[in-house]
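Student: Handing you a structure now.
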Amino acid sequence: MLKKAGFIICCLLILPIAQYCSQKSSEIYVNGGFEAKSSDGDNPEGWRVSGLSEMADYVEFRWDEEVARSGQRSVSIHIKEDFPEQNLGDSIVYYETKKFKYEKAKTYEVTGWIKTQNVKNPAFLEVQCKGWPKANEAWKVVKTYSSTGSKDWAQLMGSFARYKGRKDQAYFQIRVGIPLSKNEGSEVWFDDIQLRILDD
Ligand SMILES: [Ca+2]
């Protein structure tokens, strides 16, 4: 009787582990460690700076060789101390990946690491989708925020479920960045951004 009970308990313990192990995931390369160079050698491959307007003089984007969570590099955004106070609404500055096709039957997970210095309005990791039902229609499927203040590397994570729209029309981009409002004198670093497709 005891043996039988032990066997059943073992099965109950092993089953969730087996299920966990069978849930495979495959990584999509995004150069999220920011180690690989673009063909011109001046930027991390696959990422571009965005969201800048007339505020460019007050924002520094760095492909940073001094701070890294892994490897030799990260990317950072520094908003200068003399950033003029004004009504900026929801304006953000960010690094953005290229476009990835949004596969209808897939579930995705995105993770990344962020380090902050003197942040007052939280930085973020987000995924923005575009392209359906209208070409310029955009919506967020992931938006996760950093802590405020000055914190060592911390992980941000989000998953987004399968795309319910029509096939082959939508795409998404990963963004890491910071709002301009209230963040004068702050700096953020990002490293080890990963994108995975989770099998169902
Ligand atoms: Ca790195």
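Student: List every residue pair whose Cβ atoms lie under 7 Å apart, where the two residues are 6 or more positions apart in sequence or sit on different chains, the first residue falls within the stretch 49-75 and is over 14 Å from Trp113 (Cα atoms), and the second residue, located anywhere, is within 16 Å of the ligand (Cβ to nearest atom) and modelled with pLDDT under 90.
Tutor: Trp63/Asn43
Student: State all residues of the stretch 55-65 that are surrounded by fewer than 15 Cβ atoms within 10 Å (Cβ to Cβ) and either of a type in the set (S, T, N, Q) or over 21 Å from the mean Cα position of the chain (by Cα) (or both); if no residue qualifies, say none. Before you say what the answer is, go through the steps one by one.
Tutor: At the first step, the residues of the stretch 55-65 found to be surrounded by fewer than 15 Cβ atoms within 10 Å (Cβ to Cβ) are 56-57, 60, 65.
Result: Ala56, Asp57.
Student: Right, here's the next one. Looking at the stretch 96-126, which of its residues are of a type in the set (A, V, I, L, M, F, W, C) and at pLDDT below 95? Before you say what the answer is, go through the steps one by one.
Tutor: Taking the stretch 96-126 and keeping what is of a type in the set (A, V, I, L, M, F, W, C), we get 100, 105, 110, 113-114, 119, 123-125.
Those that are of a type in the set (A, V, I, L, M, F, W, C) and at pLDDT below 95: Phe100, Ala105.
Student: Determine which member of the set Gln23, Gln19, Gln72 is farther than 15 Å from Arg175 by Cα, loosely packed, with under 15 Cβ neighbours inside 10 Å and at pLDDT 95 or above. Give the steps one after another, and end with the answer.
Tutor: Working: Gln23 fails: at pLDDT 95 or above; Gln19 fails: at pLDDT 95 or above.
Going through Gln23, Gln19, Gln72 in turn, the sole match is Gln72.
Student: Would you tally the residues in the stretch 114-166 being part of a strand (DSSP E or B) and crowded, with 17+ Cβ neighbours inside 10 Å?
Tutor: Just the residues of the stretch 114-166 that are part of a strand (DSSP E or B), to begin with: 114-119, 124-130, 138-145, 149-160.
Keeping just the survivors that are crowded, with 17+ Cβ neighbours inside 10 Å gives 114-116, 119, 124-130, 141-142, 144, 153, 156, 158, 160.
Going through the stretch 114-166 one residue at a time, the tally reaches 18.
The values are calculated or read from the model by the stated rules, or taken from the named source; none is laboratory data. If you're wondering where the values come from, they're calculated on a predicted model, not measured in any experiment. All Cβ positions, glycine included, derive from the backbone under ideal geometry; neighbour counts span all protein chains shown.
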